[in-house]
Amino acid sequence: MSGWKPASPHQYQPVYGAPEPGPAPVYAPTTYAPPPPQPYGGGGYGGDTKSPYDGERFKPKKRINDPIFLILFIAQLVGFIVISVITLSKFGNAGGLGGGVGSDGTGGKVTLNYHTVILLLFVTGAGLLLSAIYLLLTRAFTKAIMHITLILSILLNIGICVYYWITKYWSAAIVFTVIALFSILAYWGYRSRIPLASLLLQVVMDVTKHHPSVYFVAFTALILQAALSVWYTFTVIATYVKYTPGSPTCELGVSCSKGKVIGFIIYETFSFLWTSQVIGNVTLATLAGGPFGSWYYFGPREQGMMPAHPTFSSFIRASTLSLGSIAFGSLIVTLLELVKMLLNIARNNANADGHPVEACLALCAECFIGCIESAVEYFNRYAYIEIALYGKPYISAAKDTWRLFKDRGIDALINDSLVGMTLTWGAYAVGLLCSLFAYLYLRYTHPAYNADGQYTAPVVLFAFLIGLMCSLTLSSSIEAGVSTIFVGLGEDPQVLAIRAPPLFAMIASTYPQVVQGVPRV
């Protein structure tokens, strides 16, 4: 970092002038040349002449990592397909269920019917539309979108909270009251840190201008998520119809019981969550090991040193050799999400039965599990980037990620980043809008099966899940770029001074210890 002169032990001053955030940072020519791979560890972090292929970066060993979890993932997916085929094959034989668009008071009274199928299809369409709109807004705006998203999230939480209090949906009202208060406090605590995060987003957005494959991968993943959501929706509804006692299919020789319904629904939800997680994380790894990682280590495409078809090569690695490792990390989050959903159902049941103490305990447990899940998801994102860049197994990637967080001095920067929180809030808002749409649709169409409101909670939950997954899949394309820059900053900080000088200058003035060269351990 010869272009930098420390003005004091705790502050850096850039020699090229004061940093100003801008929508299109100027990228200086790269100093990297693509030499043949060399042994990992040479040169340390102090120099800027290391090969982009250092430590098997972009050229990992051709071996399948974490094969046990790859087998488990394929097995559960096959199991879901088998259950789906069995339930859907009998779905058309359950005639007379009725229901449709609107279907006020029509349809069978025993269980979910075609009304819910159409409702959740509408929800999927709404999730697709809202997610695409949010991505386009994020693409068009940077700093403003952070303020707007946080403010709208606060207003949305308050509005939903008030609505649930007015309609006397007590458990949801209490939860959204807590969420509304938290979102207000979060905004006031983080607004002063928005300039740095917005400049980081501007750099990522500028990179995507030259890599249309980023949006192709993101929208492809979104289409897959939407198709999976529709498939999951039909399978869940068909399971209700086929195995609920009193359903017309029970008269066709099918063994029906509530236990069978609950068991199948839990497994289908588990499979849906795990598969959705894997799709999103394969997308993240593809982009991190493809356009964003190549931009950081090889320089912009116009410099002519970037490998041919980096996105496609990264996708092949992520979907084959590293799929087991991605499934491993995704399984951890899936289990936590499933536990949180079960606690949510327990809280709703306790609230409906008039047991406030049990409902409060379930709410506290749900919040605790949610915090753990968020921390694991945040950590996993950086582990997937290590997997994408170096082809490491999950455990090795997790260890190196933890070492990077603690030993390389970038934990303050990562914890201060608003990018992930902004995108997560956006996905959360999309999920809430989808769940609110489902709730209003049920309330004003009055399907016969929901006369007493007994199916409101699961339908609203499914709607939120569908909207959330759609939005998170799209936003993962942006998070991939942001997180890849963070990893590159921890490993080779001097490269960022070449790629995006204004961003490096702001980071240096805010976190001087982050951009110092740290010897490799």
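Here are the numbers for the structure shown:
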| item | result |
| --- | --- |
| Contour minus Cα-Cα distance for Ile86 and Lys168 (0.36 nm per residue) | 25.6 nm |
| Distance violations [Cα-Cα > 18 Å] among Lys59/Lys392; Lys61/Lys406; Lys260/Lys340 | Lys61/Lys406; Lys260/Lys340 |
| Under 5 Å, built H, 5+ apart or other chain: amide partners of Leu418 | Ala197 |
| Spin-label model distance (nm) - Leu181 vs Ile372, 7 Å beyond Cα toward Cβ | 2.4 |
| Virtual spin-label span in nm between Leu361 and Leu338, 7 Å along Cα→Cβ | 2.4 |
| Inter-label distance for Lys209 and Ala352, nm, one decimal - labels placed 7 Å from Cα along Cα-to-Cβ | 5.3 |
| Length gained when the stretch Leu77-Tyr444 is fully extended (0.36 nm per residue, less Cα-Cα span) | 128.5 nm |
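Quick note: the coordinates plus some simple rules give every number you see, no bench work behind them. Because the structure is predicted, anything quoted here is derived from the model rather than measured. Every residue, glycine among them, receives a Cβ derived from its backbone with ideal geometry; neighbour counts consider all protein chains shown.
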